[in-house]
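Read through the structure below, which is laid out as structure tokens, and then see the notes.
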Amino acid sequence: MIFTMNIFEFNNNYYIRKHGTAMGTRMAPSYVNLFLAKFETDALTHAPHQPHTWWRFIDDIFMIWTRTENDLLNFISYLNNLHPTIKFTSSH
């Protein structure tokens with residue numbers, strides 16, 4: 001029901017969310033944690049280079065990278081090509 005009947009109001013207009021779940025629903029954090037746990041496990045297992053440290057809290061990641069900056073940019077590009085709607089940004 002959470003994914004198929006996801007109706008919300010914004011600026012006095014009603015919308016049906018067709019992909020994922022709307023922010024603010026009680027199930028959203030649990031859904032995000034389950035989905036991203038599987039996503040990151042698969043992504044890190046098959047990554048060409050591994051980060052030194054990878055900690056995630058819901059949809060925020062703290063990572064320590066010990067390779068070159070070019071390797072980091074390639075790693076972010078790799079992550080961004082794994083799923084059509086999940087995109088990573090970085091500050092370094």
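Values quoted throughout were computed directly from the atomic coordinates according to the rules given, and no laboratory measurement underlies them. It should be emphasised that the depicted structure is a prediction, and the values quoted were computed from it without experimental measurement.
Over the chain, what relative contact order in percent results from Cα pairs under 8 Å that are six or more residues apart? It would help to have the intermediate numbers written out before the result.
Numbers: 68 pairs, mean separation 14.2, N = 92.
Normalised by residue count, the contact order of the chain is 15 percent.
For the chain, what is the calculated [θ] at 222 nm in deg cm²/dmol (nearest 500), taking -39500 (n - 2.57) for each run of four or more DSSP H residues and dividing by its residue count?
Calculated from helices alone, the mean residue ellipticity at 222 nm is -11000 deg cm²/dmol.
Please report, to one decimal in angstroms, the Kirkwood hydrodynamic radius of the stretch 24-70 built from all distinct Cα-Cα pairs.
About 12.0 Å, per the Kirkwood formula over Cα pairs.
Which values, in whole Å and largest first, are the semi-axes of the equivalent ellipsoid of the chain obtained as the square root of 5 times each eigenvalue of the Cα gyration tensor? Don't jump to the answer; show the numbers that get you there.
Numbers: eigenvalues 196, 36, 28 Å².
So the equivalent ellipsoid measures 31, 13, 12 Å along its semi-axes.
For LEU82, enumerate residues with amide H under 5 Å from its amide H, sequence gap 5+ or separate chain, H modeled in the peptide plane.
Amide H neighbours of LEU82, under 5 Å, 5+ apart: none.
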